[in-house]
Amino acid sequence: MYCLIAFSLNTLYSMKILLSKEAGFCFGVKRALRLTNQTLEESKCPVYTLGPLIHNPQVIEDLKSKGVLVAQSMDEIATGVVILRSHGVTPKLYQQLLDSGLTIVDAVCPNVKRVQKLVSQLKQEDYTVVVVGERNHPEVMSVPGIVEGDTIVIESIEQAENFPQTERIGMVAQTTQACEYFRKIAGILLHKTFELRVYHTICDAVERRQQDCLKIAEQVEMMLVVGGKNSANTSRLAQICSDNGYATYHIETASEIQPEWLKGIKKIGITAGASTPPWIIEGVVAALS
Ligand code: SF4
């Protein structure tokens, strides 16, 4: 469940660190980075991503220094290779990319593609489709029907409670949602329909990180959650710890650790989101030592 690292800072004070074995890169992020590095090595043309490849600013800076260009829209790309980021792109944009003649490298996580496929199936079967997630997150935007407004996003318990009575509801989750929250929404929607079909699309990697993080949090006095402030799955880890009453700080790098946080702390837990690289996690452990 965790690695135990004990440091004697001086003769009077020692700190134990519990580091989650789940902390850091998931397979989807590793795959996206492998495809990007491979493309950089092989391509003689400019290499772009549409938006950041993953939600970790330090990794994006590193990729930029190696030559990856981040475009905000297709208009910024005249020629070259476009890497589709792990969160996916909207179906309309995907079609435009295919039509553009640009070379496409598909680094969309298979788990995200699964959500897109399930939503398409539910729509074909005439379900009113609900995605539990964050409306403006690129992964949710990539789901069929979101941009057009005929797939509904639920962002809060209140929205679920106000959902109108509907004949058939099909339901999926953004891959990084908290499991308990998704279950709660499903429970509420059950009372709004005759038929509720629920696909548990929260990613395994995310679920394991959430469970392990709580196991560690209950054994320590303070949790450090490491990863991009723009990373949905990292923010969720910090939120789950805080919501359960554990003292928690969300940091991107070791430089954000404030000495006063550590006063009197003898046991500290560390976890990290699925887009946090090993060198940043190692940096946090090293800084605490
Ligand atoms: S967290 Fe899960 S869904 Fe997101 S990129 Fe990683 S494996 Fe894929």
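Six or more apart or on different chains, Cβ under 7 Å: which pairs go from a residue in region 130-150 that's over 17 Å from Arg114 (Cβ atoms) to one that's away from the ligand (no atom under 16 Å from the Cβ)? Could you list them?
Glu134/Glu155; Arg135/Val153; Arg135/Glu155; Val147/Thr90; Val147/Lys92
Going by the structure shown, is Arg135 modelled with pLDDT of 95 or more and basic (Lys, Arg)? Walk me through it before giving the result.
Numbers: modelled with pLDDT of 95 or more: no; basic (Lys, Arg): yes.
Considered against the rule, which asks whether it is modelled with pLDDT of 95 or more and basic (Lys, Arg), Arg135 comes out as no.
Looking only at region 63-75, filter to residues that are touching a residue at least 12 places away in the same chain (Cβ under 8 Å) and surrounded by 11 or more Cβ atoms within 10 Å (Cβ to Cβ); which one of those is nearest to Asp150 (Cα to Cα)?
Met74
Residues are listed down the side, and each one gets a yes or a no for (1) outside any helix (DSSP H, G or I); (2) away from the ligand (no atom under 14 Å from the Cβ):
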residue	(1), (2)
Gln177	yes, no
Arg183	no, yes
Ala186	no, yes
Leu190	no, yes
Lys215	no, yes
Gly228	yes, no
Asn233	no, no
Ser242	no, yes
Tyr246	yes, yes
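Filter region 138-175 down to residues that are within 16 Å of the ligand (Cβ to nearest atom) and part of a loop (DSSP other than H, G, I, E, B), then give me how many there are. Break it down into steps so the answer makes sense when it comes.
From region 138-175, those within 16 Å of the ligand (Cβ to nearest atom) are 138-143, 172-175; that's our starting set.
Applying the additional criterion that residues be part of a loop (DSSP other than H, G, I, E, B) yields 142-143, 174-175.
Residues flagged as within 16 Å of the ligand (Cβ to nearest atom) and part of a loop (DSSP other than H, G, I, E, B) within region 138-175 amount to 4.
Would you pick out the residues in region 83-130 that are closer than 16 Å to Thr151 by Cβ and among the acidic types (Asp, Glu)?
Within region 83-130, Glu125, Asp126 qualify.
Any residue in region 268-288 that is in the same structural domain as Asn230 (by TED's automatic domain parsing) and farther than 19 Å from Glu218 by Cα sitting within a Cβ distance under 8 Å of a residue that is among the aromatic types (Phe, Trp, Tyr) and within 16 Å of the ligand (Cβ to nearest atom)? List the pairs, counting only those 6 or more apart or interchain.
Matching pairs, first to second residue: Ala274/Phe25; Ser275/Phe25; Thr276/Phe25; Pro277/Phe25; Pro278/Phe25.
Could you tell me which residue of region 257-289 is surrounded by the most Cβ atoms within 10 Å (Cβ to Cβ), considering only residues that are assigned to a helix (DSSP H, G or I) and touching a strand residue (DSSP E or B) at 6+ places or on another chain (Cβ under 8 Å)? Spell out the reasoning first.
Of the residues in region 257-289, the ones assigned to a helix (DSSP H, G or I) are 259-262, 278-288.
Narrowing the set further to residues that are touching a strand residue (DSSP E or B) at 6+ places or on another chain (Cβ under 8 Å) leaves 261-262, 280-281, 284-285, 288.
Numbers: Trp261: 14, Leu262: 17, Ile280: 20, Ile281: 22, Val284: 25, Val285: 18, Leu288: 18.
Step by step, filter region 257-289, then rank; the result is Val284.
The values are calculated or read from the model by the stated rules, or taken from the named source; none is laboratory data. The structure displayed is predicted, hence computed values, not measured ones. Quick reminder, even Gly has a Cβ in these numbers, built from the backbone with ideal geometry, and neighbours come from all protein chains shown.
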